[in-house]
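One structure is given below, encoded as structure tokens.
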Amino acid sequence: MTKSYTGKTAFASRLKQVSIYCSLFLSIAGNAHAQTDSTGQFKPSGQLWGAAFGDYAYKGNADILNRGGGNQYTGVPVNTNMFQWRRIYLGYKYEISKKFTADFLLSAENDYQAGVLGQPPNTVTTTANGTGTLALGNNGDILVNNKFAPFIKWANIRWKDIWRGTDLVVGQVNNPAIGITGRNSQTSEEVWAYRSIEKTVSDIRGTPVYDMGAELQGWFDSKGNFGYDVMVGNGQAARPENDLYKWFYGDVYAKFLNKRIVIDLYQDYERLNWGVYTKGPNGPWYHDRNMTKLFAAWNSRKLTVGFEGFRNTIMGDIKVTGKDGNTYYRTTQAMDMSFFVRGPIISDYRGNARLGFFARFDNYDPSGDLSAVVNDPNTKSYIASTTAYDPTTKEQFAVIGLDYTPMKNVHIMPNFWLDTYTSSLVQNAANDLLNPNVTGIKGTDAVWRLTVYYIYGR
């Protein structure tokens, strides 16, 4: 009995020692595993970044009729020379978690149409009792004292892979018309690559490139060769909503030959005025717009060639005053075709361009069915409701320049900027009565520029 009891005691002692060693081993292994996991855990982080571009510009020729609408040099007198910033960005990107990212961007832009270079300034009208009214006009992003006014351009949160291959972005964000910062890394603006020189064709004509809303950005495959981008937004860019209607955006794209060939198809739609009472036989005014845009490019290190064109159909946009005293609304179409090329001239040993070139030509024709309007015997006069799409004036835009890059993210670019205007209608007495903007005079805005563009924090 004694011997048996002693054996059991020894066995229990050994078992206890083994248990202690196993516990100690597992504890050490667990701590080591925890340390390994902690080093691999996600750590929230942020990145402050910015960009700016501006010029020394000299206007060598000016259109005497000041055509061009929102053109940045419309109304600027000939022989004007100026140093000016055209865009200043200050942004912050914060990685909240593996699933969520926030973007914020302040922007100051030269989106002014009054108060500078001979254009009507802000005015204050006072009365006898000392009260007064301030006439602001349309000053774009310029304060009452004519200084730049930074505004919030982006403020959004991204939910990555809300389902497989798709991100949800909510807030103020770039929309599918431009698409940068999303899943599509080869949009028309990115392939053109010279926003610092000029906007893309739809951006020039006032299609919002950023908006407040909700957007889905996704891939149909795992490599991003085929994707889509859809959004619903206010259609007011950085301004608050001011009507009952939403702007709907959609975009699909495909990339071939290791993403050298890019094809991108974009569509949007918005109601502008709907069911508004109009005196006359037409009944209520139904006014909307829809744009179809195609972008195609060959994109490589040695040469990039691209095309971007749109057709914008604006239903009921031309307001016609009839000889019978009634008001009629007629549909018009505007078309723009843009061709560009860029490439390196001198590269460093890593293949990065130190000196490059770029050139672009746009042909803009907003006249649509204007001839049918003016040939109607009842037409007394007409005017476009959407001022950015005045059908009376055609434009041909061209720019050419060099891009010297002394170091990454710093560009010095001498360039020549040219916009030419012609009337959509033949000048005659009848057309002059219909619209005073009809003229046989061909006008040109020509600007020589030395542009500087730099990025920091990226």
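The values are calculated or read from the model by the stated rules, or taken from the named source; none is laboratory data. Only a predicted model underlies this, so the values are computations on that prediction, with no experimental measurement involved. Cβ sites come from the backbone with ideal geometry, for glycine too, and all protein chains shown count toward neighbours. With ligands, DNA and RNA removed, areas are computed over all heavy atoms of the protein, side chains included. Shrake-Rupley method; radii C 1.70, N 1.55, O 1.52, S 1.80 Å.
Might you let me know whether segment 422-439 holds any residue that is farther than 23 Å from Ile197 by Cα, at pLDDT below 95, surrounded by fewer than 16 Cβ atoms within 10 Å (Cβ to Cβ) and among the acidic types (Asp, Glu)? Yes - at least one qualifying residue is present in segment 422-439.
Being part of a strand (DSSP E or B), surrounded by fewer than 17 Cβ atoms within 10 Å (Cβ to Cβ) and in contact with a Lys or Arg (Cβ under 8 Å, 6 or more places away or on another chain) is a property that does not hold for Val262.
Tallying residues that are open to solvent by less than 20 Å² (accessible area, probe 1.4 Å) and touching an Asp or Glu at 6+ places or on another chain (Cβ under 9 Å) within segment 382-399 yields 6.
Within segment 241-249, can one find any residue that is in contact with a Gly (Cβ under 6 Å, 6 or more places away or on another chain), open to solvent by less than 20 Å² (accessible area, probe 1.4 Å) and among the aromatic types (Phe, Trp, Tyr)? Yes. Of Lys93, Lys43, Lys8, Lys3, all but one fail to be at pLDDT 95 or above, basic (Lys, Arg) and either assigned to a helix (DSSP H, G or I) or within 32 Å of the chain's Cα centre (by Cα) (or both); the exception is Lys93. Residues that are of a type outside the set (A, V, I, L, M) and open to solvent by 50 Å² or more (accessible area, probe 1.4 Å) within segment 407-421 comprise Lys408, Pro414, Phe416, listed in sequence order. Filtered by the rule that a residue be surrounded by fewer than 18 Cβ atoms within 10 Å (Cβ to Cβ) and either part of a strand (DSSP E or B) or at positive phi (or both), segment 296-314 gives Ala296, Trp298, Val305, Phe307, Arg311, Thr313.
Screening the candidates Ser381, Ser371, Ser385 for the property of being more than 22 Å from the chain's Cα centre (by Cα) and within 24 Å of Lys199 (Cβ to Cβ) yields one hit, Ser385. Can you run down the residue pairs with Cβ atoms below 8 Å, 6 or more apart or on separate chains, where the first is in segment 265-278 and farther than 13 Å from Phe248 by Cβ and in a strand (DSSP E or B) and the partner is among the hydroxyl-bearing types (Ser, Thr, Tyr) and open to solvent by 70 Å² or more (accessible area, probe 1.4 Å)? Short answer, once both residue conditions are applied: Asn273/Tyr286; Trp274/Tyr286; Gly275/Tyr286.
The rows are residues; the columns are (1) open to solvent by less than 10 Å² (accessible area, probe 1.4 Å); (2) within 27 Å of Val452 (Cβ to Cβ); (3) part of a loop (DSSP other than H, G, I, E, B); (4) of a type in the set (Lys, Arg).
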residue	(1), (2), (3), (4)
Gly179	yes, yes, yes, no
Asp203	no, yes, no, no
Lys223	no, no, yes, yes
Val232	no, no, no, no
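Would segment 369-387 turn up any residue that is farther than 30 Å from Ser300 by Cα, touching a Leu at 6+ places or on another chain (Cβ under 7 Å) and of a type in the set (Gly, Ala, Ser)? Yes, segment 369-387 has at least one match. Selection of segment 181-201 for residues being within 24 Å of Asn71 (Cβ to Cβ) and in a loop (DSSP other than H, G, I, E, B) yields Thr187, Ala193, Tyr194, Arg195, Ser196, Ile197, Glu198, Lys199, Thr200.
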